[in-house]
Structure formats: structure tokens, C-alpha cells
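Worksheet: the structure to be examined is printed underneath.
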Amino acid sequence: MLTSESGTSTAEFRPGSGLERWAERHLRFLMLAPTVLILLGLTIFPSVYMFYAAVHKISPNPDLPWEFVGAGNFARLLSDAQFHVALWNTTIFTVVAVATEFLLGLGLALLLDKFIRRLTFLKTVLMIPMMLPPIAVAITWKLIYEPQFGVLNEIMFRLGLPLQAWAGDVNLAMFSIIVADVWQWTPFIFLLMLAGLASLPVEPYEAAALDGASSWQQFRDLTLPFLKPVIAIALLLRVMDALRLFDLVFILTGGGPADRTKVLSLYIYQVAYRFADPGYAAAMSLFVLFVTIILSTWFMKRMRLAD
Amino acid sequence: MTMAKTIHARSRTKEVLIRLSAYLTILVALVVTLFPIYWIASNSFKFDIDIFAVPPEWLPVNPTLKHYDQAFIQRPFLRYALNSFLVAVGTTMVSVTFGTMAGYALARFSYPWQWRKQISFWILSTRMMPPIVSIIPLYLFFNYFDMLNTKSALIVAYTAFNLPFATWMMKSYFQDLPVELEEAAIVDGDTRWGAFLHVALPLARPGLAATAIFCLIISWNEFLLSLIITLTEQSQTLPIGIAGRVTQYNTYWGEISAAGFMACVPIVIFAFIVQKHLVRGLSLGAVKG
């Protein structure tokens, strides 16, 4: 009964089975194809176009032809003081913000994991900032930093500290951007670390406790090595995002004061749209792309993350 | 005897102190996390004159819905929110569908000439491209196909960022699932595709949920691409609508606070509904590396 049913049905009599069998045989390519095609279309075209644009001087007037300048746009990078400022600002921002987020996120995750493990509700509350639209975050902090009626200056006043212009102050603007970014993205590190801590094995800790290892020793010799892959992914994702910081700066400072918060994305945006020089913007974009790819490839190889 | 007791008591006091300072730190973290959200919410219910009050009003003494009326009735923020929603859902559907198939393929099948590793890495590397890099060509691309100011253009653009992410999340998920169950299904007469659909997919549900959640949040929040691709009310998303009220001459704080708070609310509600998947999804999949 069973044999005759499976023997006669599906394969032989169903119409279109030829196509189905073909699809089944090539399933490994068919399942991959849409993603590969979409990404090819959406990345190859922009990349080729960027290379093409980067070696041309493009006039804001669409009727004028593009003028071939070879490596000219790239040579400009070397002597463009604004570009150097933007590069420096991006570096400072990335290093300070990501390091702070990492330390705070890991610390908080360890604390919660040790002292209040079961309160998922509390964990979710602490994760809220990373889910909010960055633009809403930027507006919120703009309101808090407002020099005249902002709440931060009210707190400073109550504590008897000097009032500041925060996002408008030459020395504090980058600090203000970093604080807002840390507020939004520490929860992301926190979430990844919590997930990592939740999957730690128990046995090594029991053995370590028997051997009389202190909590610090346990952390250094067990927790940190176990968390290494999670830490690597968290840092990689955060650095990649920090390198393309835009929203916060766009709303909070617009790059000022005195270019102190002008980061690469913002400068490229200004060059492309305000100064209408897309060729040069393309050259800068390629530079950013290369730096990002080189950094992350190096990092992934070092951390053995690929496959 | 007494000495042992003293030592015991001392270590207990120490234990209590450590516990207290841990709770205190967590409390501070909670206050710092929640205060800015409270502040924008509170300001959205104040009259302009109370927003500018010095010293600030910690609570809206004279609450009003004026700014909500302004943002959602007088101005098209509801339209922006609907656009954001449609774009986020569209992007998530496309990215999760294709990303899941590609992730499964990369986790389960073998390819000639080490393709698997190469393709995996290439797919991830497309995620590294800073949006600012692809904006100018994408703009021209959409211009050429007459797609500027459409929601489809935004869905296409956002898919470029979400698809690699979805593929990698799902790939690490399927790698963690035991392959034997699918093999058993095939032995029982199911096709390869059937085994994926009926066996692997249901098992990967937490991974699917986590991936979809992240795609939704990323698309709902995106700003830069939308800023450049859309200029009309029919296509602009909520973040652009909000940013548009910070002008060179005036910042409409009340209205912005109302719209900003309303942009946060659905995401926060959503986060609480799916919180289980969020942590579990990450701890099972992507994080393992």
C-alpha cells in the first residue's frame, strides 16, 4: 500500500514535474540567486559609477560634459585641510565613543547578569535607546543641551557648576555628540554582551570556584575569552556605524562650531550637495569605503570571524 | 571562634555593600536611560512658553495636546508615519524572504571552488559600504527609472542594507540547527525544498523573528537615504518630517517633541512585545560568529 502510493504519485504524474525536478536539482543556486542578483545590482552599479565619477570633474550644470581629471580628485584629498579635519574628527569620535560604549555596555551586562538575572523587563527598558530613531535622539539631546532653557544647564546650575553652550561650544561640541551617541548605542553592546553571557558554560566556573579563583580571575581567564567572538562582532558593527555617523551631527551641530564636529559623512554630503561637486565627493566616498573595508577585513581575519 | 565570627560578619557586610552599589549603579543607568525619553514626552505636552521656562518645568503643569493636533492634524505627520511603516514592512519582507533562502543555502549546500566562503564574505562586505558612498549613484539610478520620491525607491535602497544583514543572521541560525532533521524528512519522501520549508524554517522561527525585528527597526529609523531620495510629502518618512521642523530660523520644539515621541512609541511597544525573541534570537544566532 505504502510503496504503491509513493511509487506512482508525485514524480511521474504531476504536471510540470520536469521543471520541478530541474528546480530541485539546482536548488543551491536558485536559493542564493535573488540575494546575489539584488546585491550585485545595488552595489556593483554604485561602485562602478563611483569609480567613474571619482576620476571626473562634474559641473553642477547638467548640460556640461564631465571633464576627465584622472587621479586629480584623489590628489585633492592630500591638500584639503577640511578633509583632514573631518578625518580627524571621525577618528576621535569612533575611538572615544566605541570604547566608552564597550566599557559601559560590558560593565552593565556583567552587573545585571550577576545581580538581577531574571528581570527581562528591566533589560528591555535599558535597551530602549538603541531602538529609537536617531533623529528623535538627536532632537531630544538638542533640547537637553539648549544653552538657555535646556535641562542640562539647569542641573549644572543646581549643582553650582558653570553653565555651558554644550553642542555650541568649540571645546564641548564633540563631547556632546559622543554623549548622545553613547546614550543611544551602549544598549546595543549591552544586548550583545547579555546574549553572550547567557550562553556561557557553567562547568568551568564551578571548577574555578573550587580552585579558589577570585571573581576578577574568573572574569579575566574565563568570561573574557568566552566572550571574545561576541566582543569582536559588537566592536566591528559599532566601528562600521561610527565611521558613517551622520544624523546626530546633522541635527545637533551641523558640523560646527568651527568645524569641530565636521565628520566625513557630513563633509561628503556638503561637498556633493551644497558645493555641487559630486566628482570630488565620489573620490572621498571611495576613500571611506577603502578604509572601512581594509579595517574590517583585517579585524575579521585577526578575530577569525569569516566562516 | 570569635575571630571566625568577626571575619564572617565582615565578609557579610562587604557582600551587602557590593550588592547595594550594584543596585545603585543599575538605578543610575535606568534614570539616565529613561530621562531623555521622559523629557521629550513631557515637553510634547507643554505650551511653548512652558518649554522655554527657566527653570524648566519638571512636569507639564498646564498640559496640552496642542502640539499633537499641530503635528498630526494640521501637518502631515500621520502621512509620514504611514510612509515609514509601509517602507519598513516592505523592506523587511523582501530582506527576510531572500535573506533566509540565501542564508539557508550558504549554511547547507556546497558550491564549487570555495564559492561558499567567497560569497558569504562578499555579501557581508556590501554591508560595510557607508550609505554616503552609494547615495549619488542610487540617486541617479532612481532618477533614470523615474523612481525618485517613491516608496519603492526607499524599499530598494533599504534592502541593499538589510539583505546582507538578514542573510548573515539566518546563515548562522541554520548552521546551529542539526541537519539530521532535514535529512530524515528527505528520507521520508520530502523534497529538498520541502525539507527547508516544513522542517528547517519552523525551527528557525526565533531567528526569523529577531532578523525581522532588526530589519524593521533599521528601516523605520533610517534618515540619510530618505533625505536625499524623497522630497515630497507622499514619499517622505517620519525622520525626514521631524528634521524638516528644525529650520535655520526656527525650531518648532513642541511639534518636534510630539512627533519625535510618537516616532518612539510604536518602536518601544514593539520592543516589549518581542523582547523574548530579541535576546534569545541574538544569543542563539548571529552572536556566535
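General observations
- Among the candidates A:Phe188, A:Phe175, A:Phe219, the residue that is within 14 Å of chain B (Cβ to nearest Cβ) and not charged (D, E, K, R) is uniquely A:Phe188.
- Test result for A:Ser59, within 11 Å of chain B (Cβ to nearest Cβ) and open to solvent by less than 40 Å² (accessible area, probe 1.4 Å): no
- Each residue in the range B:70-87 was checked for being touching a residue at least 40 places away in the same chain (Cβ under 8 Å), assigned to a helix (DSSP H, G or I) and either open to solvent by less than 30 Å² (accessible area, probe 1.4 Å) or of a type in the set (A, V, I, L, M, F, W, C) (or both), and 10 of them qualify.
- Filter result (surrounded by fewer than 21 Cβ atoms within 10 Å (Cβ to Cβ) and aliphatic (A, V, I, L, M)) within the range A:243-275: A:Ala258
- Of the residues in the range A:26-45, at least one is open to solvent by 30 Å² or more (accessible area, probe 1.4 Å) and in contact with a Pro (Cβ under 8 Å, 6 or more places away or on another chain).
- Scan of the range B:238-251 for residues that are at the interface with another protein chain (Cβ under 9 Å from one of its Cβ atoms) and either of a type in the set (Ser, Thr, Tyr) or open to solvent by 50 Å² or more (accessible area, probe 1.4 Å) (or both), ordered by number: B:Thr251
- Set A:Pro229, A:Pro225: member being free of Cβ contacts under 8 Å to residues at least 12 places away in the same chain and assigned to a helix (DSSP H, G or I): A:Pro225
- All positions within the range B:23-56 that are facing another protein chain (nearest Cβ under 10 Å) and in a loop (DSSP other than H, G, I, E, B): B:Phe52, B:Ala53, B:Val54, B:Pro55, B:Pro56
- Checklist (1) under 23 Å from the mean Cα position of the chain (by Cα); (2) open to solvent by 50 Å² or more (accessible area, probe 1.4 Å); (3) not polar (S, T, N, Q) applied to B:Trp193, failing item: (1)
- Tally of residues being open to solvent by 60 Å² or more (accessible area, probe 1.4 Å) and within 18 Å of the chain's Cα centre (by Cα) across the range A:287-307: 5
- Flag for A:Ala97 being open to solvent by less than 50 Å² (accessible area, probe 1.4 Å), within 9 Å of another protein chain (Cβ to nearest Cβ) and part of a helix (DSSP H, G or I): no
- Count of the range A:115-130 residues which are among the charged types (D, E, K, R) and either buried (at least 21 other Cβ atoms within 10 Å of the Cβ) or within 7 Å of chain B (Cβ to nearest Cβ) (or both): 1
- Members of the range A:276-286 that are more than 8 Å from chain B (Cβ to nearest Cβ) and either part of a helix (DSSP H, G or I) or surrounded by 21 or more Cβ atoms within 10 Å (Cβ to Cβ) (or both): A:Gly279, A:Tyr280, A:Ala283, A:Met284
- Candidate set: the range B:172-206, residues that are in a helix (DSSP H, G or I) and touching a His at 6+ places or on another chain (Cβ under 7 Å); chosen: the one nearest to the other protein chains (Cβ to nearest Cβ): B:Pro206
- B:Asn149 meets the stated requirement of being open to solvent by 10 Å² or more (accessible area, probe 1.4 Å) and either touching a residue at least 60 places away in the same chain (Cβ under 8 Å) or over 21 Å from B:Ile123 (Cβ atoms) (or both).
- Restricting attention to the range A:149-161, the residues being farther than 20 Å from A:Ile177 by Cβ and outside any helix (DSSP H, G or I) number 4.
- Qualifying residue in the range A:63-78 (condition: closer than 23 Å to B:Gly260 by Cα, open to solvent by 30 Å² or more (accessible area, probe 1.4 Å) and without any contact (Cβ under 8 Å) to a residue 40 or more places away in the chain): no
- Residue check, B:Ser235 at pLDDT 90 or above and open to solvent by less than 10 Å² (accessible area, probe 1.4 Å): no
- Of the criteria (1) part of a helix (DSSP H, G or I); (2) within 12 Å of chain A (Cβ to nearest Cβ); (3) not β-branched (Val, Ile, Thr), which one B:Ser110 fails: (1)
- Residue in the range B:163-179 that is of a type in the set (Phe, Trp, Tyr), open to solvent by 10 Å² or more (accessible area, probe 1.4 Å) and more than 30 Å from A:Ile233 (Cα to Cα) present: no
- Those residues of the range B:252-263 which are at the interface with chain A (Cβ under 9 Å from one of its Cβ atoms) and open to solvent by less than 10 Å² (accessible area, probe 1.4 Å), in sequence order: B:Ile256, B:Ser257, B:Ala259, B:Gly260, B:Ala263
- Meets criteria (in a helix (DSSP H, G or I), open to solvent by 10 Å² or more (accessible area, probe 1.4 Å) and either touching a strand residue (DSSP E or B) at 6+ places or on another chain (Cβ under 7 Å) or at the interface with chain A (Cβ under 10 Å from one of its Cβ atoms) (or both)) for B:Ile217: yes
The values are calculated or read from the model by the stated rules, or taken from the named source; none is laboratory data. Note that this is a predicted model, so its numbers are computed, not measured. For neighbour counting, all protein chains shown are included, and Cβ atoms are generated from backbone atoms with ideal geometry for every residue, glycine included. We work out accessible area using only protein heavy atoms, side chains counted, and drop any ligands, DNA or RNA first. Shrake-Rupley method; radii C 1.70, N 1.55, O 1.52, S 1.80 Å.
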